[in-house]
Amino acid sequence: MKTTTPLTNADLHCHSKVSDGTLEPEALAARAQANGVELWALTDHDEIGGQQRALDAALALGMSYLTGTEISVSFAGRVVHIVGLGFDHRNEALIAGLRATRGGREQRAREMAAGLAQVGIKGAYEGALTYVGNPELISRTHFARFLVEAGHCSDVSEVFRRYLTEGKPGYVEHRWAGLGEAVRWVREAGGIAVIAHPARYGFTPTEEYALFTEFIAHGGRGVEVVTGSHSAADAAKYTETALEFELLASRGSDFHSPEESHTDLGRLADLSGRLSPVWQALEHRIHRPAASS
Ligand code: AMP
Ligand code: MN
Ligand code: MN
Ligand code: MN
């Protein structure tokens, strides 16, 4: 068998309290390091306010770091997530673009609460807000936590199934960023854009082909192959997709919370050796700890 360089335990997708995770960036960094992560990225939804803290915490623990975010994009009537990696987190256009993307969350949350009130669930907006504080960052996850706490469902997945997905009383469609915009913000800030968890969208093959070709036409370069919400079969399928479209491959747990997430930081299958890992193309953007021992 041919010998290869040792595989890097890279985890390039997770969330902190800065979006809809339950841990602070420093606590996530410690958990990642304890689980053997060597290269880490925090990817809060539409927000990079936690990047400096995550970077400082990672380096202090001897872990390498890539900046990250997960941008909500409207595409073909669905919401698609684009992970941006290795950008300059002080880039003004990226900061402004993400702020604009967050702009509609408060109004949407009020409409979601109105929908829930119609089926007898009162006070959901205020309840969800207690989990996040900032209405700009309010997400379905915060509603789900409130509905569990208020005794309407036994866990977060049940809330999504019964109340927060398309056709259910608390679902409100929202116009997020455009695919081209999101890719451009990341690229122009020096990073690489990656399609997050492609198996999650439920696209037909035609729609999925359109997503990949348009993404690439806009300058997108990567796809998440191994991720918390992919089965082994999904990973195998998107390994072939990555090769077919000549995309770089990414790997990330999508960890949100010790109580809610099935996949812990760093506890993921390896990428196939046939793939080109996205972090190799971002070599020059990796922040490394000062050389030790
Ligand atoms: P939003 O951006 O407000 O639409 O919320 C999307 C977030 O909800 C995602 O980032 C996930 O964290 C979470 N989510 C989506 N679907 C589910 C699900 N079926 N079960 C648990 N969490 C989910
Ligand atoms: Mn989330
Ligand atoms: Mn996502
Ligand atoms: Mn995510």
Out of residues 5 or more away from VAL226 or on other chains, whose amide H comes under 5 Å of its own, with H placed 1.01 Å from N in the peptide plane?
-> SER250, GLY252
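How much area per residue is accessible in region 105-164 when the probe is 1.4 Å and only protein heavy atoms are counted (Å²)?
Values: 2790 Å² over 60 residues.
Per residue, region 105-164 has 46 Å² of solvent-accessible surface.
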Run the dipole for the chain about the Cα centre, Lys and Arg Cβ at +1, Asp and Glu Cβ at -1, nothing else charged, and hand back the magnitude in debye, nearest 20.
-> 120
Please report, in debye to the nearest 20, how large the charge dipole of region 23-133 is about its Cα centre when each Lys and Arg carries +1 at its beta carbon and each Asp and Glu carries -1 there.
-> 380
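Mind checking the full-extension length gain between SER257 and ALA100? Use 0.36 nm per residue of separation minus the Cα-Cα distance, one decimal, nm.
Working: separation 157, 0.36 × 157 = 56.52 nm, distance 2.65 nm.
Length gained, SER257 through ALA100: 53.9 nm.
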Once phi for every residue in region 209-222 is put through the Karplus expression 6.51 cos²θ - 1.76 cosθ + 1.60 (θ = phi - 60°), the whole-Hz ³J(HN,Hα) values, with Gly and Pro written as x, are 4, 4, 4, 5, 5, 5, 4, 5, 4, 7, x, x, 10, x
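Mind putting a number on the dipole of region 105-164 about its Cα centre? Charges go on the C-beta only, +1 for Lys and Arg and -1 for Asp and Glu, and I need it in Debye to the nearest 20.
Working: 8 positive and 7 negative charges, 31 e Å.
That gives a dipole near 140 debye.
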In degrees between 0 and 90, to the nearest 10, how far off the longest principal axis of the chain does helix 232-244 point, with axes built from Cα atoms?
-> 60
Exposure of LYS168 as accessible area (Å², to 10), given a probe of 1.4 Å and all protein chains | 80
Whole number in Å², please: accessible area per residue of region 217-261, 1.4 Å probe, ligands, DNA and RNA not counted.
-> 39
Compute the acute angle (0 to 90°) between the alpha-carbon long axis of helix 92-102 and the principal axis of greatest extent of the alpha-carbon atoms of the chain; round to the nearest 10°.
-> 30
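For region 60-178, what value does the Rg/Rh ratio take when both radii are computed over Cα atoms and Rh is the Kirkwood radius, given to two decimals?
Working: Rg = 16.1 Å, Rh = 15.7 Å.
We get a ratio of 1.03 for region 60-178.
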Using alpha carbon centers only, region 187-237 is separated from region 48-107 by a whole-angstrom value of 17
Hz values of 3J(HN,Hα) by residue in region 262-278 - Karplus curve (6.51, -1.76, 1.60), Gly and Pro given as x = 6, 9, 7, 3, x, 9, 9, 5, 6, 5, 4, x, 7, 8, 9, x, 4
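Given the rule -39500 (n - 2.57) for each run of at least 4 DSSP H residues, summed and divided by the residues of the chain, what is its mean residue ellipticity at 222 nm, to the nearest 500 deg cm²/dmol? Each step should come with its number before you reach the end.
Numbers: 11 runs with 105 residues, N = 293.
When only DSSP H runs of four or more count, the value is -10500 deg cm²/dmol.
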Ranked packing of 179-186, 102-109, most packed first, by mean Cβ within 10 Å | 179-186, 102-109
Among HIS284, TYR131, VAL73 the positive-end extreme of the charge dipole of the chain (Cβ point charges) | VAL73
For region 105-164, Rg(Cα) over 2.2 N^0.38 Å is 0.97
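So, R0 is 35 Å and r is the distance between the beta-carbons of GLU283 and ASP56; what FRET efficiency does that work out to, to 0.05? Don't jump to the answer; show the numbers that get you there.
Working: r = 21 Å, r/R0 = 0.60.
Efficiency for this residue pair is about 0.95.
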When the Debye formula is applied to the Cα atoms of the chain, each taken as the same point scatterer, what base-10 log of I(q)/I(0) results at q = 0.10, 0.13, 0.14 Å⁻¹?
-> -0.51, -0.88, -1.03
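Report the antiparallel proportion of the DSSP beta bridges in the chain as a percent, rounded to a multiple of 5. Walk me through the numbers before you get to the answer.
On the way: 13 of 29 bridges.
Beta bridges within the chain, antiparallel portion: roughly 45 percent.
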Tilt of helix 51-60 relative to the longest C-alpha principal axis of the chain, in degrees (0 to 90, nearest 10)?
-> 50
Karplus-derived 3J(HN,Hα), 6.51/-1.76/1.60, for each residue of region 141-151, Hz, glycine and proline x = 4, 5, 4, 4, 4, 5, 5, 5, 4, 7, x
Taking Cα pairs under 8 Å and at least six residues apart, what relative contact order does the chain come out at, in percent?
-> 22
Would you work out what percent of the accessible area of the chain, with all protein chains in place, is carbon or sulfur (probe 1.4 Å)?
-> 50
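The values are calculated or read from the model by the stated rules, or taken from the named source; none is laboratory data. Note that the coordinates shown come from a computational prediction; the quantities given were computed from them, not determined experimentally. With ideal geometry, Cβ positions are generated from the backbone for all residues, glycine too; neighbour counts draw on all protein chains shown. For the accessible areas, the whole protein counts, side chains as well, though only heavy atoms, and no ligand, DNA or RNA atoms are used. Shrake-Rupley method; radii C 1.70, N 1.55, O 1.52, S 1.80 Å.
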